[in-house]
Structure formats: C-alpha cells, structure tokens
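The structure appears right after this line, and notes come after that.
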C-alpha cells in the first residue's frame, strides 16, 4: 500500500527513482493512450460494453458522477474557511482545491472519451436548451472548473513571483467562494436530477423525487471523506504529519452529512414502498445493503465515537468507507438500478476500466507534481523521495 | 395537434413492407433487424401471435427533446420529433431518458449519430404520408390528422366490442404521442411499456430546473449573509481582544459598533 502511494509522487518528482509501481503507472498510462486511439478510430463500440440497451456505463457512473462528487470537498472547505470564517482550516484548503480541480479535469477528459463527438463539446455553449439537466451539468462543469482554476491560481502566481495577480484574486476571494458554492450546489444536485427523468427505469431503491438533494448531501459527506483520505495519502507519500486537530472535527461534519443523507434515503425508500425489495435479497436488494451498510451506517457509527475519530487509523478507515459508499451509490444509481429496466446486464469492458484507472493514475501524478513544485502545503513544496530517505 | 400514425395490430400481416420502405426512404444501410437499431428505424415483431410495429412514438412533449443539452431533438408542429445530426454531440441522454427506448446509436462508427424514426418529416412537408403508411398493403398503419386517427380508433373499438382492448396506446402514455396503437391483446404483452405516467416525464425535471434562478438568488444572499455575520463577529472579537488593556472600554466599543 505504502509503495502504491509513493510511486506517482516519485515519478513526477524532481528526483526520479523508478520502481515496480512506477512501471505499473507507465503501463497504465500507455494502455490509456492505446485505448483512446482505438476509441477515436473505431468508435465507442470497439472499446466499451455499451449498447443501445445500456448507453451509459462506467465512464458516466464512475468518472463523471464520482469525479464531480469527490471534488465536493473543495466547495465545502472553502465555505467553511471563507464564509463561516473558521480560519484554522486554512492549511488544508489548498490541497483540497487542488484535489477538486483535478477531479473536474478528470471529468472533462473522461467526457472527451465518452461523448460520441467530443469535438462538438462547445455546442453546449452555443445551442441552449434550458429544459435539459445535461445543459445545466455542462455549464456547471465549465464554470466551476474555471472557478477552481482561479482559486488555485495564486499558488501558481506565487511560484513565478507574480504577486499582483495573486493579491488581486485574494481580494476577490469572498465572491469567488460564493460563486463556487452556488455552482457546486447546482452541479452536485443536477447529477441527481439527471435521473429524475427515468422514474419508470431506475429501481425504487434509488429513484426518488429527492434525488438532487440525495446527491448534494452525499457529495458533502464524501467530499469531507475525500479531504481526510487525501491528507492520509499525502502523509504516506510525502512523509507529512496528519493534521488530526483539523480532520477530527471534519469527521464530525461528515457524520452529520451522512446521517442526514442516510435518513433521506430511508424516507425515499419508504415513500416508494420498496423495503420489500431489500429483504427479498434480490440482486438490487443485496447491492443496496452492501452500499448502505458499508458506506453509510458503518462510517456513521464508527465516527460517532470520539475514541475512534481521534485515532488516525480509524479516522482514515471511516473516511475510506464513506468514499467507498459514495462510489457504490453512484455506480448503483447509474448501473445496478438501471439494469432490470434495460433488460440486459452491463459489466464494463477491460478497456473501459483501463481508461478509468489510467485517469486516476494521471490525476495522482499531477497532484504529486503540483505539491512538489508549488506551495500547496503550508510548509512549502514537499521534498523529493531521496532527500527524504537521506533525512530519515 | 398535427399529424400522426395509427397502427392496428389486428390488421398487420407482418409482411415488413413498412420497414423496407423506411430503409429506402431514409437511405439506411443493411438489412431490417429484428430490433430497432441506428439503421433500423422501424421493425415488425411477432408477439402473442400478433405482429406489432416498433417505431418512435413521437411524443407530444418528447422526453428526448427536453433532455437534449443542445436542442438537437425537436417536436415540430406537424407532429414529427426530428433530429439534427449536425448539432448532436453524442451524450446519449436521449437514449437514457426515452420512456419508449427508441433512440439508438451508431456504436460502430468513429463519428456516430443517433438514429430514430422522424415520421418522414420531409415527406410531410410536401404533403405526402409517411413511407411506411404508404407501403402498408393491409392498412394496418394509416397516416392522418391525429384527431381523425383518434376518432377512427375509437370507432373501431366501439364497432366491434370485444375485438379490441378498450384502450388507445399513446393517447395518454408519457403525456400522449402522435403515434397511436390499438390491439386485441394487452399492450404490455406486445412488449410495449405499460407503466408509463400520464404526465410527460419532462415535467419532473422542469419542476427542479425552473426553480434554479430563484434558488441562486436566495442562496447567494444567504451565503453572503453568513460571511457578513462571521466576519463581523471576528472584527468584534479582535476589537475586544485589543481593548483588553483598557478593561471594559474595549468590550463597550465592540457593542457600540454592533448596533
């Protein structure tokens, strides 16, 4: 585990020390490029298991829905620091914004592969259909990616010694953060709204008129989980300390968000009279149980105990479960819950999985490069692996 | 109300002339498939001893048109739901959303577009019926004004009691469609969706989308308000802390400021 996490860092760092995991990363990257070439020359059918019965697969369920959702830490934390004025969280704002920005970049690259004619992506700017949730999604992706880039830009400006623009953005931070929170609220919820239109297709364990709110609240919970997880990965990769004094109270926020979300989910299922479909242990019922027990109930229970929250290992385990539950939920909404109505089974192809894994690897490498180059963490750019090994 | 098609499953002989005519009219490559594909816009399926056509139902409030982010799908006043391949960027939300599962995709092409029946919109403009209706030797598919077709369907159901299921499929499904079907076998047994709401699914999203402008305004004011209050609190706290040396004066100053 340790080596997995240090590897992308080593690769992108100034001090390059290739190892087993570097090779895995390079292979993943090359496989990603190869699949992209096949996809653009032979069409979507050549690389994916998508079909007329099942037009949206892993790239929408994981890359888009989870990429956006797990970037939710950025708007949550900027709101906490700049709107609720809890300045002590400032040290973890920059890495969180970076994670958010990379999440959105991940989504855009995935869309460029998933769209049938990605070179027409600009059509969403020119041709408007305000009745379409996808139109809202498209604009939110564009605008919030811009906001995240601007929020992160002072870090880059500082690096190049451009103090004037950095100062200018700093003065605009309040309206910028408010804009970011509004766009995120719209965007996170709109991903749930995408499925409002399929009441006859999505399984009653997941369909609800409240889907937009489910998606919004669960993204806040998982976004916080992601902040904790990202801090932990940074600790492992760059030998940093874990900011327990900040992460422990964040975990409390996560419990509240997940708790509200869990209750809303149960209310939705009650309203659909769908409890029976859980306990008949149908395919959907089992998938729901797994998602809900592992990804909602367990982290809420564990993180309710102060003793566990203040223990770094348990804290990270709780955050990991929340993120896992989030990913399972998005895959269940987009895949499991849609299968019965489609009359077919969908399993992503090896090439689809390769693309998703390749994108995660690229994201981690860019993160590692950024924290080694810029002052993302309060102590400045992190040191290369060799410097560290020498130091220790 | 525009034009429409009426399909009578009791009359269809399953010759497939409609599917062939459709292929020819729309220059679609390949043979007629058993199911709809991007290259087979209508097909005849055998169910319960009957022959039943599959084709776009041309909804009055089409779900596909409502979900398309670039407005590539549109309902025309004449009746057809048409598709502008030049606009489509291939998000495939129409395929996801369509309650009748009609739009299909060219998975085999590097530059793919959606394929679906467009009710021969071009022919309609010239005052001609659809190619399928013109080709049908048994008058199982007839073309006409939708109100006339409803009248015709009701007449057939009324004149031969028991010979038809007392329902015109498409009259209320998903808010009503321009294509109507009648049959002597329940429609769900013919592979047609029978669990569709009478309200167009598009309304479900519009309820959310139409509230966005109001929501944005309120949310912006609320968020700025939170910032305003917390920032002010900090100022007061600072002033209080600075004034500590002067004892109560500092606190008093803070309170005055607040009022």
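What does the average come to when, for each residue of peptide A:129-142, you count the partner chain Cβ atoms lying within 10 Å of its Cβ?
6
Only Cα pairs within less than 10 Å get springs; with that Gaussian network setup on chain A, which residue of A:292, A:20, A:367 has the largest fluctuation?
A:20
For chain A, set up a GNM with springs between Cα atoms under 10 Å and report which of A:185, A:96, A:310 has the largest fluctuation.
A:310
What is the mean number of Cβ atoms from other protein chains located within 10 Å of the Cβ atom of each residue in peptide B:62-69, rounded to a whole number?
Mean inter-chain Cβ contacts per residue within 10 Å come to 5.
So for A:21, A:119, A:206, fewest C-beta neighbours within 10 Å to most, what's the order? Please list the in-between numbers first.
Numbers: A:21 18, A:119 11, A:206 26.
Fewest to most other Cβ atoms nearby, the residues stand as A:119, A:21, A:206.
Using Cα atoms only, what is the angle between the long axis of helix A:244-271 and the major principal axis of chain A, expressed in degrees (0 to 90) to the nearest 10?
Orientation of helix A:244-271: about 10 degrees from the principal axis.
Quick check: the angle from helix A:350-373's long axis to the longest principal axis of chain A, C-alpha only, nearest 10 degrees?
So the helix axis and the longest Cα principal axis differ by about 30 degrees.
Show me A:190-198, A:234-242 ranked by packing, highest mean number of other Cβ atoms within 10 Å first.
Highest to lowest by the protection proxy: A:190-198, A:234-242.
Connecting C-alpha atoms closer than 10 Å in a GNM of chain B, tell me which of B:215, B:143, B:100 has the biggest fluctuation.
Looking only at B:215, B:143, B:100, the largest GNM fluctuation is found for B:215.
Compute the separation of the alpha-carbon centres of the stretch A:311-355 and the stretch B:1-61 and state it in Å as a whole number.
Cα centroid of the stretch A:311-355 versus Cα centroid of the stretch B:1-61: 38 Å apart.
Listing A:200, A:334 from the residue with the fewest other Cβ atoms within 10 Å to the one with the most, what is the order?
Working: A:200 15, A:334 26.
The fewest-first ordering by Cβ neighbours comes to A:200, A:334.
Please label the shape of chain A as rounded, prolate or oblate, based on the square roots a ≥ b ≥ c of the eigenvalues of the alpha-carbon gyration tensor (a/c under 1.5 means rounded; beyond that, a/b larger than b/c means prolate, else oblate).
Since a/c stays below 1.5, the shape of chain A is classed as rounded.
Take the alpha carbon atoms of the stretch A:180-250, find their center, do the same for the stretch B:93-147, and report the distance between the two centers in whole angstrom.
So the two Cα centres are separated by 41 Å.
Give the peptides A:107-114, B:63-70, A:319-326 in descending order of average Cβ contacts within 10 Å, highest first. Each step should come with its number before you reach the end.
Working: A:107-114: 20.1, B:63-70: 26.2, A:319-326: 24.8.
Put in order of decreasing packing, that is B:63-70, A:319-326, A:107-114.
Whole angstrom only: what separates the Cα centroid of the stretch A:18-96 from the Cα centroid of the stretch A:254-293?
About 26 Å separates the Cα centre of the stretch A:18-96 from the one of the stretch A:254-293.
Evaluate peptide B:205-218: per residue, the Cβ atoms of other protein chains within 10 Å of its Cβ; return the mean as an integer.
On the way: counts 12, 5, 3, 10, 9, 2, 0, 5, 0, 0, 4, 4, 1, 0.
Counting Cβ atoms of other protein chains within 10 Å of each residue's Cβ and averaging gives 4.
Let's test this: bin the Cα-Cα distances of the stretch B:3-199 at 5 Å from zero up to the farthest pair and state each bin's percent.
1, 8, 16, 21, 22, 17, 9, 4, 1, 0, 0
Can you put B:145, B:31 in order of Cβ neighbours within 10 angstrom, beginning with the fewest?
Listed from fewest to most nearby Cβ atoms, that is B:31, B:145.
Angle check, please: helix A:133-160 long axis (alpha carbons) against the longest principal axis of chain A (alpha carbons), in degrees 0 to 90, nearest 10.
10 degrees
Where a number appears in this text, it was derived from the coordinates with a stated rule and is not lab data. Source: prediction; values computed, not measured. Using ideal geometry, Cβ is built from the backbone for each residue, glycine included, and neighbour counts are taken over all protein chains shown.
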